[in-house]
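Step one of this worksheet: look at the structure below.
We did not get these values from a lab; they are worked out from the coordinates using the rules stated. Given the structure is predicted, the values throughout are model-derived calculations rather than measurements. Neighbour counts run over all protein chains shown; Cβ positions are idealised from the backbone, glycine included.
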Amino acid sequence: MEPVSVLFVCLGNICRSPMAEGVFQHFTKPKNGPHHPLIARIDSCGTGAYHVGDAPDSRTMSTLEDNGITTYKHKARKFQINDFTTFDYIMAMDEDNLDHLVRLRKRALKQNNTQDQELGRVMLFGDFGGKEGEEVMDPYYGARDGFEIAYEQMVRFTNGFLGILEEQAAATGQQPNGEKSGL
Ligand code: 4NP
């Protein structure tokens, strides 16, 4: 089974998607440990350009640090159409990001006369947490506890997603992004 590439997407790429990336990276590519064999590239970005070039919000970084994730670094960037060909899984944090990405994907399929399976799949990351349709609320304008809630969600969604990938890898002849998969 080929390793898969995963892109996390929110609006600004300074609060939620870097938190998701930091958690996912910590669990799959720890600095001092073996890397997860099913995970290739990991990145995050925003559907908006408000914070391009900025470091993650200090509350995202301190929440990660409080949970032992101290090596994560990122600079915000905006989603690009070629992300659909670079990444197998494009994980939206909320329904607005999801709708935006679904629209961009439809346009990319039409304009480039591309087959559906040639582009990465757009999904709600929260669908892997055990409750379908669970969104990560934007914590930017709120208090610090919004970041702690988001952290707990990222851990739960990461475990759920990795569990499904591992089940697929264990199933004979199934590819992580193949037609027969549950994803
Ligand atoms: P994020 O949060 O999408 O989780 O990075 C936001 C950060 C900044 C803004 C919006 C959302 N903003 O409008 O500046």
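So what is log10(I(q)/I(0)) for the chain at q = 0.12, 0.14 1/Å, when the Debye sum runs over its Cα atoms only?
The Cα Debye sum returns log10 ratios of -0.53, -0.73.
Placing +1 on the Cβ of each Lys and Arg and -1 on the Cβ of each Asp and Glu in the chain, which of Leu64, Pro139, Pro3 has its Cα farthest towards the positive end of the resulting dipole?
Pro3
Rounded to the nearest 500 deg cm²/dmol, what is the calculated helix-only ellipticity per residue at 222 nm for the chain, with -39500 (n - 2.57) per DSSP H run of length n ≥ 4? The partial results should precede the final answer.
Working: 5 runs with 69 residues, N = 183.
-12000 deg cm²/dmol, from helical runs alone.
Lys and Arg at +1, Asp and Glu at -1: add these up for the other residues within a Cβ distance under 11 Å of Asp54 and post the number.
Around Asp54, the surrounding residues sum to +1.
Evaluate Rg over Rh across the stretch 78-127, taking Cα atoms for both radii and Kirkwood's formula for Rh.
Result: Rg/Rh = 0.94.
Using alpha-carbon pairs under 8 Å, 6+ residues apart, how would you state the relative contact order of the chain in percent?
Normalised by residue count, the contact order of the chain is 25 percent.
Please identify, among Gly126, Gly12, Gly146, the residue showing maximal mean-square fluctuation in a Gaussian network model of the chain using a 10 angstrom Cα cutoff.
Gly146
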